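In what follows, a single structure is set out as structure tokens and then discussed.
The values are calculated or read from the model by the stated rules, or taken from the named source; none is laboratory data. Note that this is a predicted model, so its numbers are computed, not measured. When we count neighbours, we look across all protein chains shown, and the Cβ atoms used for this are built from the backbone with ideal geometry, even at glycine. Side chains included, ligands, DNA and RNA excluded: accessible areas come from the protein's heavy atoms. Shrake-Rupley method; radii C 1.70, N 1.55, O 1.52, S 1.80 Å.
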Amino acid sequence: MKTLIAITLFTILTQTYAADSVTAVDSKRHYDIYQMKTEIPEGNFEASIYLPTTTKIKAMLVLTPTIAGVTIIEKSNAQYFSKAGYLIIIPLPYKSEVDSAKPDIVKLDDEFYKPAFAADSFIALSETKFKLPVNLPVFAMGASQGGIRTLIIASHSARITASWFATAGGDFPAIYARSVVEKIASFRMKHMKVLGITDPREYEIYLREHLTHDPATACADIKTPFVQTMTLRDDKVPTANQELLVKSCPEHMILTLNTGHVAGSLSTVNWRHKIRRFFEESL
């Protein structure tokens, strides 16, 4: 009955708000799950929303997935933080220039801040649809690609109170030219073919000449507290690229793991009690 009422209510609301919509999807013991859609000049984006139902909402958390999409990592963290009174926003994967059959360098560079634009729209829409106070703290967290996008959100969105990112790196030219992640390797092959380049070293030089946005430079714009988890044996977001953030970002807490990429990304689950304490100490 509770879920049926929620679905009916949001059907009525979305009939007069076509571009942005919120639809009830499921109801659990401690939270309800909604699907959110937003249309902004930068594109159409979707998110899963976990709305606490047994405790007062005290904060929002933008929980950005890895390049693998929404997995048990994000779902487990969403359950944990929603039970603690956080409204969870999980931005869903969207088509980017990395997915294009014929990648374009200008479009690739122009879409750099898309995660931040989408996050701001999700935050504002959540406040409106769920009648939240406009002064709620907003935290951001993610690992791997989700960590990079978390960094971008924290650097560009004025709403972020504190952030935590794991296994993120800077220097996109090096990452695009060298990463062994399957999706990035596929993008590299497609883009090099479009450009008529066969040598990855030449490709990296080309990227350095044409990309103007980078996590290492964006990180300098973060004005709120954040923690970086770095892995010392990483070939997916190579350790050297993670170390670059240590040098390029404002002073921040750095936690190191003598592991590879996957274990480092899982640290957001293993350390979520520590992450929650850090967020709440930042209030």
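Over the chain, with the other protein chains present, what is the accessible area per residue in square angstrom, probe 1.4 angstrom? Please report the intermediate quantities before stating the final value.
On the way: 13150 Å² over 283 residues.
Normalised by residue count, the accessible surface of the chain is 46 Å².
Pick the calculated volume of the Cα convex hull per residue in Å³ for this structure from [x] 135; [y] 195; [z] 122? Only one listed value fits the structure, namely [z]. Summing Lys and Arg as +1 and Asp and Glu as -1 over all other residues whose Cβ lies under 13 Å from the Cβ of Lys274 gives a net charge of +1. Heavy-atom surface analysis with a 1.4 Å probe gives the chain a carbon and sulfur content of 55 percent of its accessible area. Projecting the Cα atoms of Tyr203, Leu255, Gln242 onto the charge dipole of the stretch 193-260 (Cβ charges, centred on the Cα centre) puts Leu255 farthest toward the positive pole.
Across the stretch 91-154, Cα pairs under 8 Å and at least six residues apart give a relative contact order of 31 percent. Within the same chain, lysines fewer than 8 places from Lys83 are excluded, and of the rest, those with a Cα less than 25 Å from its Cα are Lys2, Lys28, Lys37, Lys56, Lys58, Lys75, Lys129, Lys131, Lys274. Quick one: which residues, 5 or more positions from Asp32 or on another chain, have an amide H under 5 Å from its amide H? H modelled 1.01 Å from N in the peptide plane, none for Pro or chain starts. Residues meeting the criterion, in which the H sits 1.01 Å from N, are Leu51, Thr53. Here the relative contact order of the chain, from alpha carbon pairs under 8 Å that lie six or more residues apart, stands at 16 percent. A Förster radius of 25 Å combined with the Cβ-Cβ distance from Thr217 to Lys107 puts the calculated FRET efficiency at roughly 0.80. Separation of the stretch 148-192 and the stretch 193-213, taken as the distance between their Cα centroids, equals 17 angstrom. Between the stretch 243-257 and the stretch 17-75, how far is it from one alpha carbon centroid to the other, in angstrom? Spelled out, the Cα-based centre of one part sits 29 Å from the other.
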